[in-house]
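The block underneath contains the structure these notes are about, expressed in structure tokens.
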Amino acid sequence: TKKAITERIKDIDVVIELLDARLPGSSANPMLAQLTGQRKKLKVLNKQDLADPARTEAWLTWYREQTDTHAIGLDASDKTPAQRLIAACRELAPNRGGMDKPLRVLICGIPNVGKSTLLNTMVGKKAAKTGDEAGITRMEQRINLASDFYLFDTPGMLWPKIIVEKAGYHLAASGAVGRNAYDEEEVALELISSIKAHYGAQLVARYKLADEDTIPTRHDEELLTEVARKRGAVMSGGRVNLQKAAEIVLNDFRSGTIGRMTLETPEQFAIWQAEGEAAEAALKKKREARLNKRKEEQDEQD
Ligand code: GDP
């Protein structure tokens, strides 16, 4: 996918990044900034129906303050998303348009962010899927949203190394990561840790937890245990089944049954990112030191 994007990016005017509105920072591909360079960017906070409206607004403002960037919120209830995407892209690249200068747009996003759903809604009567033209690989589809508006699709992708620890957990909670790649109990505990400070009322409403005011300060495991008890996830002998409770919480989060919530704010994510980068840099330094030492030892032996 990286290769396909690198190839295609040369003649792209606007890059649309489809983000999960509940985890905008975590669902943003850190490699994409490198790949897209100076191109205009449209951040689409998708599944906004599942997200906290106030936090969605905060993220939109945050993105709109960045250069060459526009941002909109979207969800599957919007029956005419193409119009909004086209308008936003035209605003970003007003110099493009007309048959001789069609607006060429690339759309990227992580798995499960809702890209297929969005594309299916947009491929109405007017739009035509084409895949048999020169230069369009099997991995990539071109959709003509208007006679002078080409949308190139890319396969949903994650990146090889997630350096922001929280991002890994949030991606797993959202369903972007394959089930076998994480421990559900661990992810559910991290999810609880991310939501308990801000969404205690929703947890009380959904799981009939006791004493809303104490929720932010209670241990994640204690809260998951209470969920297990309240939902009858108890094994013979009365032991709670935390695995079952974790599945319940994750399913409720993915479906939105747990209530509208957003796991991160722009400010929080910026801090996590700085921490992740610092940890990564420290790791790299340690690795280099180790390699150098080995090389010196080798040289001495020789
Ligand atoms: P893709 O992997 O990015 O192509 O994602 P899909 O389009 O297959 O969607 C993944 C899941 O999210 C499906 O269960 C969709 O029904 C659901 N979904 C897609 N868009 C929305 C949305 O705007 N709101 C909600 N609540 N669910 C959505």
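Table for the structure above
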| read-out | value |
| --- | --- |
| Of the criteria (1) in a helix (DSSP H, G or I); (2) surrounded by fewer than 18 Cβ atoms within 10 Å (Cβ to Cβ), which one residue 198 fails | (1) |
| Condition check for residue 43: crowded, with 16+ Cβ neighbours inside 10 Å, within 16 Å of the ligand (Cβ to nearest atom) and either at positive phi or over 18 Å from the mean Cα position of the chain (by Cα) (or both) | no |
| Residue selected from the range 96-113 under the condition surrounded by 21 or more Cβ atoms within 10 Å (Cβ to Cβ) and within 7 Å of the ligand (Cβ to nearest atom), by the criterion nearest to residue 48 (Cα to Cα) | 113 |
| Pairs where the first residue, in the range 69-85, is of a type in the set (Val, Ile, Thr) and the second is away from the ligand (no atom under 14 Å from the Cβ), C-beta under 6 Å, 6+ apart | 69/41; 69/63; 72/88 |
| Search result, residues across the range 46-86 that are in a loop (DSSP other than H, G, I, E, B) and more than 16 Å from the ligand (Cβ to nearest atom) | 65, 66, 67, 68 |
| Test: residue in the range 53-64 that is of a type in the set (Phe, Trp, Tyr), closer than 25 Å to residue 116 by Cβ and in contact with a His (Cβ under 9 Å, 6 or more places away or on another chain) | yes |
| Filter result for the condition that a residue is at pLDDT below 90, closer than 27 Å to residue 22 by Cα and of a type in the set (Lys, Arg), over 138, 142, 179 | 179 |
| Tally, over the range 222-280, of residues that are in a helix (DSSP H, G or I) and of a type in the set (Lys, Arg) | 4 |
| Scope the range 178-209; condition within 17 Å of residue 255 (Cα to Cα) and in contact (Cβ under 8 Å) with a residue 24 or more places away in the chain; matching residues | 184, 187, 188, 191, 192, 195, 199, 202, 203, 205, 206, 207 |
| Subset of the range 174-195 (residues that are surrounded by 22 or more Cβ atoms within 10 Å (Cβ to Cβ) and within 14 Å of the ligand (Cβ to nearest atom)) | 174 |
| Hits in the range 117-126 (condition: within 13 Å of the ligand (Cβ to nearest atom) and either modelled with pLDDT of 95 or more or loosely packed, with under 13 Cβ neighbours inside 10 Å (or both)) | 120 |
| Residue check, residue 291 of a type in the set (A, V, I, L, M) and within 16 Å of the ligand (Cβ to nearest atom) | no |
| Residue among 234, 227, 249 that alone is within 25 Å of the chain's Cα centre (by Cα) and among the aliphatic types (A, V, I, L, M) | 249 |
| Inter-residue pairs, beta-carbon under 7 Å, first without any contact (Cβ under 8 Å) to a residue 60 or more places away in the chain and in the range 17-32, second crowded, with 22+ Cβ neighbours inside 10 Å and assigned to a strand (DSSP E or B), 6+ apart | 28/17; 28/19 |
| Residue match in the range 11-22 (condition: in a helix (DSSP H, G or I) and surrounded by 20 or more Cβ atoms within 10 Å (Cβ to Cβ)) | no |
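The values are calculated or read from the model by the stated rules, or taken from the named source; none is laboratory data. Note that the coordinates shown come from a computational prediction; the quantities given were computed from them, not determined experimentally. Every residue, glycine among them, receives a Cβ derived from its backbone with ideal geometry; neighbour counts consider all protein chains shown.
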